[in-house]
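Bear in mind these aren't lab numbers, they're just calculated from the coordinates by the rules spelled out. For clarity, every value in this text was computed on a predicted model and none was experimentally measured. All Cβ positions, even for glycine, are placed from backbone atoms using ideal geometry, and neighbour counts span all protein chains on display.
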Amino acid sequence: MGLSRFFNNRQAACKLLLTAGMAMLSACNNTIKESRDNTFYLNFSSGTLESIDPAFAKDLYTMWSDHMVYNTLVETDNNLHLVPSLAKRWEVSADGLEYRFYLRNDVYFHDAPEFAGGKGRLMIAADVAYSFNRIIDPKVASPGAWIFNDRVADKEPFTAIDDTTLRIRLKAPFHPLPEILSMPYCSVVPHEVVEKWGKDFRSHPCGTGPFQFKYWDEGNVLVLHRNPHYWERDSAGNQLPYLSAVQATFVDSKATEFLLFLQGKVDFVNNIDGSFKDLVLSKNGELKKEFSNRFHMTKQTYLNMEYIGFLTDSNNKHVKGSPVLNPLVRQAINYAIDRQKIATYFRNGVVMPATSGFIPAGMPAFDSSGRYGYRYNPAKALELLAKAGYPNGKGLPPITILTPDNWSDIINFIATQLQEVGIRLNVEIIQPNFLKQQMSRSEVPMFRAQWIADYPDAETYLVFFNGDFPAPPNYTRFNNSTFNKWYAESLNLPDTARWQMYQRMDSLVMSYAPVIPLYYDRLLHFTQNRISGFSANPMNLIDIKRVRIAKK
């Protein structure tokens, strides 16, 4: 089937789905309120929320919830700049081994019965030290322990010097430490409430954030109310947040979520179901005219790299005799893929073709010149195959790639392109969790995956190739002594010098081609016309403190 016929059929199908879905939703009673008060309505399409404990902020919706309920020492703004939050300022010692954070003295925890008189008490530096020590406590088993393990000092890594001064001690210099502290894992919690509830703190959260916990019927609805004692104010001196409440539902279908949005029952949608993209978006990624007067769409950088990886460990039995061990073959595959067609026909022109390396667009160390990336060049692919001993692909054994089903269309398109230069690609569909397990065990010679930034520093992408690390994060098992040396040297360089070193590291990795960067992602956010003040940073952490809802 040709590309045009494929997309015409898909658009017709999604129109039928839209018509049927709207009729169905109009006919049924819905648990989402239809009255428009000062409440912000959103949906968690995972269908569940595992926890509202920041020590377990490992998925998007937990991070969203935590960002509403808690604060961190610093935050990342929409331009990837670090800005103060609970910490007013910070400084680092000359040797890079000690950081000091100077905290606000006007921040209070939410009212809770665990505090004297039920009134939230003042947040102090000892609370931050407690929160960070809790992350690395083996008894807590936080999935965020990696952010501090092997980085902070073995003894007294976190110390409250006084009520407004926190000291962090490191084993070795690590310049991106402040960026790491912006992660929701590093939210500040009160020991009284945590110790009262233990593991059940997940459903009895208490923080210093703009919204406080009210009600959670798991799998159905989560309600947060405005924190009347919140410390943050807008530029005019008005107390934040403006909203009275937030209500999240758990409809586990992105298609149904978008239908609810069209009915005005949800105020915000993060991206849309693939079946609706051709209906709503033009081929250049713009909102079609028939929808432009119904809601807003914003596009912005998303620090998410979609890629194909190769297992490059020559000692691994799973790639013994495999052509993926040959860098020339990996380079040839990179040149044989038309990333622009993938961006245009499969992602409606929203994303950017990844032709500038593994560090994505939007990151300070991104190299926009494309000096060391790969562009579509089938002639170059054939040249490299001949140099590798496989002229026109002759004698090259088939290569198997594992991919989740939601990527099968793109991977099959890639297989067709590779066939044009004599490379046979067998596509095997696998459940995402099984694929991740096999990648972690280094059992997959070629795989489709993604890498989302944990914090706004390119180190979070380059650690992916550090030979001193296992899988994860080093799923390709790439190991190069020069790269490893540069990585260690980069961690205490000032910003500009560090970014230059990052580009050298990225260039070196691309020369060996352990990965095929496919595209640099962009966020698509849809909000109702009545909503203003909504924002998100490039790691898709939404901020609704300044959201206002216009009255009808």
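Data table
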{"read-out": "q = 0.11 Å⁻¹: log10 I(q)/I(0) that the Debye formula gives for segment 211-317, counting C-alpha atoms only", "value": "-0.62"}
{"read-out": "Relative exposure of Asp95, Asp506, Asp111, Asp454, judged by other C-beta atoms within 10 Å (fewest first)", "value": "Asp95, Asp111, Asp454, Asp506"}
{"read-out": "FRET efficiency, 1/(1 + (r/R0)^6) with R0 56 Å, evaluated for Ile429 and Thr164 via beta carbons", "value": "0.55"}
{"read-out": "Surface/4 estimate of mean projected area, convex hull on alpha-carbon atoms of the chain, nm²", "value": "26.6"}
{"read-out": "Set of lysines near Lys317 by C-alpha distance (under 20 Å), chain-local residues within fewer than 8 positions excluded", "value": "Lys436"}
{"read-out": "Cα convex hull volume per residue for segment 69-197 (Å³)", "value": "116"}
{"read-out": "Filtered GluC sites (Glu not before Pro), segment 393-502: DSSP coil and at most 14 other beta carbons within 10 Å", "value": "Glu420"}
{"read-out": "Share antiparallel - DSSP beta bridges, the chain, percent rounded to 5", "value": "85"}
{"read-out": "The chain: DSSP helices with Cα axial extent of at least 30 Å and average Kyte-Doolittle hydropathy no lower than -1.0", "value": "3-27"}
{"read-out": "Summed side-chain charge close to Arg134 - residues other than Arg134 whose Cβ falls under 11 Å, Lys, Arg +1, Asp, Glu -1", "value": "-3"}
{"read-out": "In segment 37-112, trypsin sites (Lys or Arg not before Pro) in a DSSP loop with at most 14 other beta-carbon atoms within 10 Å", "value": "Lys58"}
{"read-out": "Residues whose placed amide H lies under 5 Å from that of Leu311, excluding near-sequence neighbours", "value": "Met446"}
{"read-out": "Euclidean distance between Cα centres, segment 247-275 to segment 327-401, Å", "value": "35"}
{"read-out": "Per DSSP, loop trypsin sites (Lys or Arg not before Pro) in segment 139-189 with at most 15 further Cβ within 10 Å", "value": "Lys139, Lys155, Lys171"}
{"read-out": "Of Lys119/Lys139; Lys196/Lys254; Lys214/Lys551; Lys155/Lys485; Lys58/Lys485; Lys277/Lys320, pairs whose Cα-Cα distance is over 32 Å", "value": "Lys196/Lys254; Lys277/Lys320"}
{"read-out": "Total formal charge among the other residues, if their Cβ is under 12 angstrom from that of Thr527, Lys/Arg +1 and Asp/Glu -1", "value": "+2"}
{"read-out": "Label point distance in nm, His229-Asp217, each placed 7 Å from Cα along Cα→Cβ", "value": "3.0"}
{"read-out": "Cα pair distances in segment 302-523, grouped into 10 Å bins until the bin that holds the longest one, percent each", "value": "8, 35, 39, 16, 1"}
{"read-out": "Under 19 Å from the Cα of Lys394 - aspartates and glutamates, other chains or at least 8 residues apart", "value": "Glu383, Glu420"}
{"read-out": "Reciprocal mean inverse distance between Cα atoms of segment 469-552 - Kirkwood radius, Å", "value": "16.8"}
